[in-house]
Amino acid sequence: MEHKQKQIVRNDISIQILYHPIFILIIGTLFAVYAGAILFALNFYRLDKKKFAWIIVPVSMIYSALEQIALNYYGLFTTPMIFPINLLGIFLLKKFFWDNTIPSDLQYKKRSIWIPLIISIVIWGPWFYNFLIAYIL
């Protein structure tokens, strides 16, 4: 029965195509909180919840700015500390915006991850290169 329901979801054109929240958590953790927030905003926009789309990005940018100020103050700008702080930020956005707004049983098709992943890698590639040189190689 469940397989049949999944097949119906795949063929229903009225079902929205959204980025999966776990993928957004990964992007937000590895690249930047506001990168994940942009993907959440795109999902909100597709679900016709434009108010949340316009709120989540500025909130994430404020969080990212405060994160950078704190890391610079302690001299930790390019350290592994960025990843858990990013995870906390994107998790909080998911918890307070996504989980409180979108029903957990929402049926949707998963949107391809490749375009945002490639854009994130192109933008953050030099930072990751410097990080690898400084801390791993």
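State which residue is modelled with the lowest pLDDT when the search covers only region 22-40 and only residues that are assigned to a helix (DSSP H, G or I), in contact with a helix residue (DSSP H, G or I) (Cβ under 7 Å, 6 or more places away or on another chain) and not aliphatic (A, V, I, L, M). Within region 22-40, the match that is modelled with the lowest pLDDT is Tyr34. Every condition in (1) over 14 Å from the mean Cα position of the chain (by Cα); (2) within 30 Å of Ile133 (Cα to Cα) is met by Leu106 except one, and the failing one is (2). Checking every residue in region 103-114 against the condition of being surrounded by 12 or more Cβ atoms within 10 Å (Cβ to Cβ), of a type in the set (A, V, I, L, M) and either in contact with a Pro (Cβ under 8 Å, 6 or more places away or on another chain) or part of a helix (DSSP H, G or I) (or both) gives zero matches.
The residue list Asn100, Asn130 contains one member that is modelled with pLDDT of 90 or more, in a helix (DSSP H, G or I) and farther than 14 Å from Ile24 by Cβ, which is Asn100. Is it the case that some residue within region 121-130 is under 14 Å from the mean Cα position of the chain (by Cα), within 18 Å of Gly36 (Cα to Cα), surrounded by 13 or more Cβ atoms within 10 Å (Cβ to Cβ) and aromatic (Phe, Trp, Tyr)? Within region 121-130, none of the residues are under 14 Å from the mean Cα position of the chain (by Cα), within 18 Å of Gly36 (Cα to Cα), surrounded by 13 or more Cβ atoms within 10 Å (Cβ to Cβ) and aromatic (Phe, Trp, Tyr).
For region 45-89, the tally of residues that are surrounded by fewer than 15 Cβ atoms within 10 Å (Cβ to Cβ) and acidic (Asp, Glu) stands at 1. Looking at Ala70, Ala65, just one residue is small (Gly, Ala, Ser), at pLDDT below 90 and assigned to a helix (DSSP H, G or I), and that residue is Ala70. Select from region 73-97 the residues that are farther than 20 Å from Trp124 by Cβ and part of a helix (DSSP H, G or I) and list them in ascending order. Tyr73, Leu92, Lys94, Lys95, Phe96, Phe97, listed by residue number.
The values are calculated or read from the model by the stated rules, or taken from the named source; none is laboratory data. Only a predicted model underlies this, so the values are computations on that prediction, with no experimental measurement involved. FYI the Cβ positions are ideal-geometry reconstructions off the backbone, even for glycines, and counts take in every protein chain you see.
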